[in-house]
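Okay, structure first, notes after.
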Amino acid sequence: MRQEKGHAQGGSRFPETSWALVLATRVDADAGGALETLCRRYWAPVYASVRRQGFVPEDAEDLTQAFFLHLLEHRTLARADPDRGRFRSFLLGALRWFLANTRERENARKRGGTHKFVAIDIADIESTLRDGDADAASFELQFDREWARTLVANALAALRGEYAGNGQSDTWDILQGCLDPGSETPSYAALATRLGSGEGAAKVAVHRLRRRFREALREEVGNTVATAQEVEEELRYLRDVLAAQPVTAGAG
């Protein structure tokens with residue numbers, strides 16, 4: 001696990017590692033800011049899991065904010081240890097406990113409604129719920145599926161920021177569809193026309209984009225585990241989750 005901010009090409013930076021942020025919440029001066037960053041990066045799987053417990057969107061949003069506040073107030077994060085497992089597994093376990101304890105949940109919801117760490121946009125998550133994503137899969141598998149989507153989204157956001165930082169926002173807008181496995185990739189000739197380049201240059205640009213995305217995703221996964229070996233294991237597990245393939249029990 002990296003202990004410092006990771007560097008991206010072109011001088012841009014990826015965010016702090018999740019475990020480093022967890023450790024920062026143990027220092028009073030840094031606790032609020034670190035928790036806000038964690039909430040901003042990982043609210044989506046928490047919100048989706050709460051919604052699947054039958055809460056309406058407004059209550060689910062309050063509970064999501066309240067959950068992160070609960071972690072700070074009860075010093076739950078102080079008991080987290082990167083050497084004992086993945087951040088995904090820690091957060092899932094804490095959420096299970098939070099939702100199972102009605103009194104804590106209701107008290108936290110009252111406080112959470114007045115403490116907004118971040119403004120969250122629930123539209124994308126709600127669309128997956130409406131599209132039937134709340135299937136018969138286990139609570140854990142549903143959480144992990146949303147977790148995988150969140151890491152992909154975080155990696156895309158980091159990569160988009162890198163292109164913008166290099167003055168290549170237009171290039172990103174043209175090429176980003178090449179990262180979507182569910183869409184048909186335009187021909188290199190078509191991309192070259194939009195980029196104002198030759199086909200060879202367009203091919204190189206697509207190859208570079210895909211390579212940087214793989215690196216960005218690896219960096220994002222690396223933020224949530226303790227060792228390099230766990231990065232590879234976590235990547236394989238999350239790919240299986242997204243592909244809806246059978247996963248190894250206990251992979252989390």
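Can you tell me which of Leu63, Leu95, Leu23, Leu91 is within 30 Å of Ala164 (Cβ to Cβ), modelled with pLDDT of 85 or more, assigned to a helix (DSSP H, G or I) and of a type in the set (A, V, I, L, M, F, W, C)?
Leu91
When you go through Ala201, Ala205 one by one, which is the residue that is in contact with a Leu (Cβ under 8 Å, 6 or more places away or on another chain), exposed (fewer than 15 other Cβ atoms within 10 Å of the Cβ) and farther than 30 Å from Ala137 by Cα?
Result: Ala201 is the single residue among Ala201, Ala205 that is in contact with a Leu (Cβ under 8 Å, 6 or more places away or on another chain), exposed (fewer than 15 other Cβ atoms within 10 Å of the Cβ) and farther than 30 Å from Ala137 by Cα.
Which members of the range 206-237 meet the condition of being among the hydrophobic types (A, V, I, L, M, F, W, C) and more than 16 Å from Leu156 (Cα to Cα)?
Across the range 206-237, the qualifying residues are Val225, Ala226, Ala228, Val231.
What are the residues in the range 160-180 that are polar (S, T, N, Q) and not in a helix (DSSP H, G or I), if any?
Those that are polar (S, T, N, Q) and not in a helix (DSSP H, G or I): Asn166, Gln168.
Collect the residues in the range 150-198 that are of a type in the set (Val, Ile, Thr), open to solvent by 30 Å² or more (accessible area, probe 1.4 Å) and touching a Pro at 6+ places or on another chain (Cβ under 8 Å), keeping them in residue-number order.
none
The values are calculated or read from the model by the stated rules, or taken from the named source; none is laboratory data. The shown structure was predicted, so the numbers you read here are calculated from the model rather than taken from an experiment. FYI the Cβ positions are ideal-geometry reconstructions off the backbone, even for glycines, and counts take in every protein chain you see. Surface accessibility is based on the protein's heavy atoms, side chains included, excluding ligands, DNA and RNA. Shrake-Rupley method; radii C 1.70, N 1.55, O 1.52, S 1.80 Å.
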